[in-house]
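Written below as structure tokens is the structure these notes are about.
The values are calculated or read from the model by the stated rules, or taken from the named source; none is laboratory data. Given the structure is predicted, the values throughout are model-derived calculations rather than measurements. Backbone-built Cβ (ideal geometry, glycine too); neighbour counts: all protein chains shown. Note: accessible area is taken over every heavy atom of the protein model, side chains too, but ligands, DNA and RNA are not part of it. Shrake-Rupley method; radii C 1.70, N 1.55, O 1.52, S 1.80 Å.
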Amino acid sequence: MKISFAKPGLSAKGALVVGVSEGKKLSASASELDRKTKGAITRAMSGSRFSGKAKQILSILAPAGIEASRIVLIGLGKAKGEMKPVDIEAMGGALVGELANSGVAEAAVAFDLPGEEGGNAAAHFALGAKLRSYRFDKYRTKEKAEDKPTLQRLAIHVEASRTAQRAYGELEQVGDAVFFARDLVSEPGNVLFPKSLAAQCKTLSALGVKVEILGVKEMTKLGMGALLGVGRGSTQESQLVVMQWQGDPKSKDKPLAFLGKGVTFDTGGISLKPAAGMEDMKWDMGGSAAVIGLMRALAGRKAKANVVGIVGLVENMPDGNAQRPGDVVKSMSGQTIEVNNTDAEGRLVLADALWYCQDRFKPRFMIDLATLTGAIIIALGHEFAGAFVTDDELADRLVASGKATGEGVWRMPLAESYDRGMDSDIADMKNSGSRDGGSCKAAMFMKRFTNDVPWAHLDIAGMAWSAKGNAVTPKGATAYGVRLLDHLVKAYYEPK
Ligand code: BES
Ligand code: MN
Ligand code: ZN
């Protein structure tokens, strides 16, 4: 879908989109169309439940008196001026949801909000529209024409069209990064495995990201026994990818570090998962996709920050070479781990990635994203990622970024009492405790590998994939984390 900005002035063959505030109050553009169509808008509203509540949508087909094939009313809610970017994005998304498969090829939106504020709002509307238009259809060879989306072009008419264009220039980079991450998460395990995912990371060098790839040889040298143990049962070689974006080369500040769990397929290993639903475990690399997408967003919009992204890429398979329940592995930190459950593999991967990260980069903080535990889905459902954070300021910033982007974050407890559940009789710790408080115990396990660097762990098991979708996300891969962390970096760690 192509998105463009233009000065006010509605004329289109396809859909004309105008706003109506709560209480059926027509915007200027809506009133003008109502006059031209001899009251079609007022009549349509009186025969429907549309009242102008936020995100409501009503299509009026073939109105007389104008060329357009339909008028679309969008509810603006109560106070137009108080609408936040995240609400405006949801409106853009809702519009695409209404029109994508409607038969309409082009739509023109009358954005009546004046001045710079209007321009910025229009850019966020465009981002929401773009995000909702995502599709992963490369493997469909027999899709019928009538099932394919029809909407091709979206023109947004707004007074400050130059401002809108400029603001969208940056947001579009973030949108492209979200699409990139969604593609990675959508790919099946036979196509996306550690080396092919590492190759995708490598493509970011075209944007100025420095990309290093460590294989089994390099990781063995570093002593990454925890990560390497997970990949042993796979024919696919494990990889650790280090991405660096130096957007602020003069700065002496320590870099920001983001880490992702990249289990390209999680069978559970010898502690094999049941068959039902196992196909979902292709998206057990959602944390790594978020980090890769974030690096792309930052480089794409030339963020003025120095950022490290590290992803641990492994495939967890059962095999003659696979690690056994009860095996003891030695992590890069020197701490030993009894692997009492080979399905608790994400924390093993991140244990070595976190240690390596703090050891090499001495970062200001580390934030990891991981589809780590089923238990976090029981606790929070699909509304929030669970955030385990050692630093209150960082926690507040993450929660605020979640509110600003609609990618929800809910703080969870880190407490020593959970940690005792991870003691082992044979090694320094075991990798899996009892089921109660499973997400908290997993977090406390990983904390042992942070070396007291300020740290946040986001358990995104409930967020990486959406069975129903929302206003700005079609069902499927969400790329949760890309917009959240891009916002975090922009709002708190870049010069204004
Ligand atoms: N990748 C899974 C967690 C998961 C489950 C993500 C469902 C998304 C949906 C993780 O590796 C795992 O298997 N965790 C186990 C841990 C347990 C063995 C301690 C779990 O949650 O059951
Ligand atoms: Mn697992
Ligand atoms: Zn897993």
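Structural remarks
- Single unsatisfied condition, LYS468 versus (1) out of contact with any Ser or Thr (no Cβ under 9 Å at 6 or more places or on another chain); (2) modelled with pLDDT under 95: (2)
- Cβ-Cβ under 8 Å pairs, at least 6 apart or on other chains, segment 391-416 side more than 22 Å from ASN451 (Cβ to Cβ), far side assigned to a helix (DSSP H, G or I) and among the hydroxyl-bearing types (Ser, Thr, Tyr): GLU407/SER401; VAL409/SER401
- Residues that are out of contact with any strand residue (DSSP E or B) (no Cβ under 9 Å at 6 or more places or on another chain), assigned to a helix (DSSP H, G or I) and not aliphatic (A, V, I, L, M), drawn from segment 86-121: GLU89, GLY115, GLU116, GLU117, ASN120
- Per-region count, segment 330-339, residues within 16 Å of ligand 1 (Cβ to nearest atom) and surrounded by fewer than 23 Cβ atoms within 10 Å (Cβ to Cβ): 1
- Across segment 8-45, the number of residues qualifying as of a type in the set (Ser, Thr, Tyr) and either open to solvent by 60 Å² or more (accessible area, probe 1.4 Å) or more than 23 Å from PHE125 (Cα to Cα) (or both) comes to 3.
- Count of segment 356-378 residues which are in a helix (DSSP H, G or I), more than 16 Å from ligand 1 (Cβ to nearest atom) and surrounded by fewer than 24 Cβ atoms within 10 Å (Cβ to Cβ): 4
- Complete set of residues in segment 468-496 that are over 11 Å from the mean Cα position of the chain (by Cα) and under 12 Å from LEU298 (Cβ atoms): HIS487, LEU488, VAL489, LYS490, TYR493, GLU494
- When SER434 is tested against (1) open to solvent by less than 50 Å² (accessible area, probe 1.4 Å); (2) polar (S, T, N, Q); (3) within 12 Å of ligand 1 (Cβ to nearest atom), exactly one condition is not met: (1).
- In segment 114-151, the residues that are closer than 30 Å to GLY19 by Cβ and open to solvent by 30 Å² or more (accessible area, probe 1.4 Å): PRO114, GLU116, GLU117, ASN120, HIS124, ARG132, SER133, ARG135, LYS148, PRO149, THR150
- Test: residue in segment 399-408 that is more than 30 Å from MET91 (Cα to Cα), among the charged types (D, E, K, R) and modelled with pLDDT of 95 or more: no
- Here is the figure for segment 437-449: residues that are crowded, with 22+ Cβ neighbours inside 10 Å and assigned to a loop (DSSP other than H, G, I, E, B) total 1.
- Restricting ASP368, ASP423, ASP396 to residues that are more than 23 Å from the chain's Cα centre (by Cα) and either assigned by TED's automatic domain parsing to the domain that holds GLY287 or not acidic (Asp, Glu) (or both) narrows the list to ASP423.
- Residue in segment 257-308 that is farthest from ALA167 (Cα to Cα), counting only those that are away from ligand 1 (no atom under 16 Å from the Cβ) and open to solvent by 10 Å² or more (accessible area, probe 1.4 Å): ASN306
- Taking residues in segment 340-355 that are over 14 Å from ASP368 (Cβ atoms) and open to solvent by 10 Å² or more (accessible area, probe 1.4 Å), and partners anywhere that are near ligand 3 (Cβ under 9 Å from one of its atoms) and modelled with pLDDT of 95 or more, the pairs with Cβ atoms closer than 6 Å and at least 6 places apart or on different chains are ASP343/GLY268.
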